[in-house]
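Only one structure is covered here, and it is reproduced in the block below.
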Amino acid sequence: MRHIFISTALVLLTCFHVSGQTVKANNSSIRKVEDIVIYNDAKYYSAFPSIVRRANGELIVAFRRAPNWRALGTKGYTHTDPNSYLVLVRSRDNGKTWSKDPETIYAHPFGGSQDPCMLQLKDKSILCASYAWALPKPEVVAKLKQPVFPAGAGFIFMGGYIMRSEDGGKNWDGPILPPSVPSEKRLDIFGETLPAYNRGAMCQGKDGRVFWIVAAQNLETKQTENHLMISSDNGKTWEYSCPVAQDEKVTFNEASIYETPKGDLVGFLRTANFNDHTVVVRSRDGGKSFEKWEDSGFKGHPHYALRLPDKRVLLVYGYRHQPSGIRARVLDAECTNFKTAEEIILRADGGGFDLGYPWATMISKDRALVVYYFNQNDGPRHIAGTVLSVK
């Protein structure tokens with residue numbers, strides 16, 4: 001797909017949940033300051049956060065909240081719930097304290113919503129991409145036009161949608177339904193082709209266009225593929241561009257995209273049927289095409305790429321193997337050293353695999369905040385964060 005340029009390896013001093021340890025990286029250092037709790041209410045199952053920092057310094061964390069039915073007697077957790085909806089909390093003191101009562105972004109009228117993925121645009125408006133599952137009655141399911149995308153327990157997939165806010169998340173317009181990927185054949189409960197969807201970070205390029213890697217299932221190979229959608233009007237309308245990653249044996253799904261200083265578009269893709277390895281893709285022509293995907297050699301569930309002040313990239317990801325937690329790598333500015341960058345352990349005290357999905361932002365010129373959902377000792381799923389000193 002592309003040549004790998006070997007950079008100076010990072011000198012790793014493992015950062016577990018103890019504050020103050022340091023990772024040296026290219027004559028700079030990343031030091032873990034502290035872990036924080038952003039939102040935790042045992043009545044709710046809170047997960048899949050994203051974060052933006054407003055021009056006035058306010059932090060907004062969006063996440064999916066659903067009832068914690070296990071607290072009322074069910075045996076386990078599920079990621080499909082007709083009562084899951086999108087909410088947000090705020091901090092006006094750089095993450096020291098957070099609003100207690102979440103504000104609603106959107107409650108889907110036909111089912112539960114997942115994974116609110118925010119992007120703050122250059123005009124200060126905010127996009128929030130999500131997707132939904134419906135729980136129609138059995139007699140309705142029997143009459144649905146096929147093929148649909150069932151998720152077990154009677155749920156039917158509804159595809160993706162996007163919300164927009166122009167006032168810092170106080171009010172939201174939408175939902176905006178993006179067009180379908182041309183190869184998408186599955187239908188929603190209304191018999192319409194599924195709108196484009198995915199979980200992961202969009203990015204806005206230097207030319208103002210917004211790039212979004214979405215997913216679609218190939219009904220012939222039974223594998224999920226990734227494709228690129230582009231918006232030229234700040235997310236109000238979208239057009240299909242090209243395939244991003246396809247394979248007869250490997251499934252590509254949750255994906256984040258990042259534009260490098262030179263203008264390459266780099267995607268970090270979660271996989272299935274591939275030993276949980278992250279794969280990396282690259283476009284050198286502004287999203288007209290992508291080179292062949294490449295195995296990163298490490299496991300990630302899933303990813304977010306944050307540009308640091310010196311233009312290096314902090315790549316954060318969940319780790320759903322023992323010891324469960326949150327991990328990171330520091331990549332060079334063009335994201336070419338993903339195979340050689342040392343792995344940094346931000347958290348290794350997770351209570352099982354149901355955690356992760358990190359997102360990150362700079363909260364000052366030399367500090368970053370990584371947010372994610374977490375559990376300890378298999379307790380309530382909550383929104384947590386790790387503050388890093390980046391110098």
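The values are calculated or read from the model by the stated rules, or taken from the named source; none is laboratory data. Since the structure is predicted, the reported quantities are computational estimates derived from the model, not experimental observations. Here the Cβ positions follow ideal geometry from the backbone for every residue, glycine too, while neighbour counts run over all protein chains shown.
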Set 159, 152, 191: member being crowded, with 18+ Cβ neighbours inside 10 Å and either closer than 21 Å to residue 359 by Cβ or of a type in the set (Gly, Ala, Ser) (or both)
159
Looking for something assigned to a strand (DSSP E or B), out of contact with any Gly (no Cβ under 7 Å at 6 or more places or on another chain) and surrounded by 24 or more Cβ atoms within 10 Å (Cβ to Cβ) - is there at least one such residue anywhere in the range 284-303?
yes
Take the residues of the range 244-268 that are of a type in the set (A, V, I, L, M) and within 19 Å of residue 316 (Cα to Cα): which is surrounded by the most Cβ atoms within 10 Å (Cβ to Cβ)?
255
Checking residue 120 against (1) within 22 Å of the chain's Cα centre (by Cα); (2) more than 25 Å from residue 301 (Cβ to Cβ), which test does it fail?
(2)
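Which residues, counting only those in the range 204-225, are within 15 Å of the chain's Cα centre (by Cα) and of a type in the set (Gly, Ala, Ser)?
Of everything in the range 204-225, just one residue is within 15 Å of the chain's Cα centre (by Cα) and of a type in the set (Gly, Ala, Ser), namely 215.
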Every residue from the range 139-194 that is among the polar types (S, T, N, Q) and in contact (Cβ under 8 Å) with a residue 12 or more places away in the chain
146, 165, 180, 183, 193
What number of residues in the range 58-78 are among the hydroxyl-bearing types (Ser, Thr, Tyr) and under 22 Å from the mean Cα position of the chain (by Cα)?
2
Would you be able to tell me the number of residues in the range 347-367 that are crowded, with 22+ Cβ neighbours inside 10 Å and either in a strand (DSSP E or B) or touching a residue at least 60 places away in the same chain (Cβ under 8 Å) (or both)?
6
Considering only residues that are hydroxyl-bearing (Ser, Thr, Tyr), in a loop (DSSP other than H, G, I, E, B) and out of contact with any Lys or Arg (no Cβ under 7 Å at 6 or more places or on another chain), look in the range 76-103 and name the one that is nearest to residue 134 (Cα to Cα).
80
Scanning the range 71-80 for residues that are under 9 Å from residue 45 (Cβ atoms) and either modelled with pLDDT of 95 or more or of a type in the set (S, T, N, Q) (or both) gives 78
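Listed here are the residues, each with its yes/no results for (1) charged (D, E, K, R); (2) more than 25 Å from residue 304 (Cβ to Cβ); (3) assigned to a loop (DSSP other than H, G, I, E, B).
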site	(1), (2), (3)
143	yes, yes, yes
170	yes, no, yes
174	no, no, no
180	no, yes, yes
189	no, yes, yes
199	yes, no, yes
Is it fair to say residue 257 is part of a strand (DSSP E or B), under 18 Å from the mean Cα position of the chain (by Cα) and not hydroxyl-bearing (Ser, Thr, Tyr)?
yes
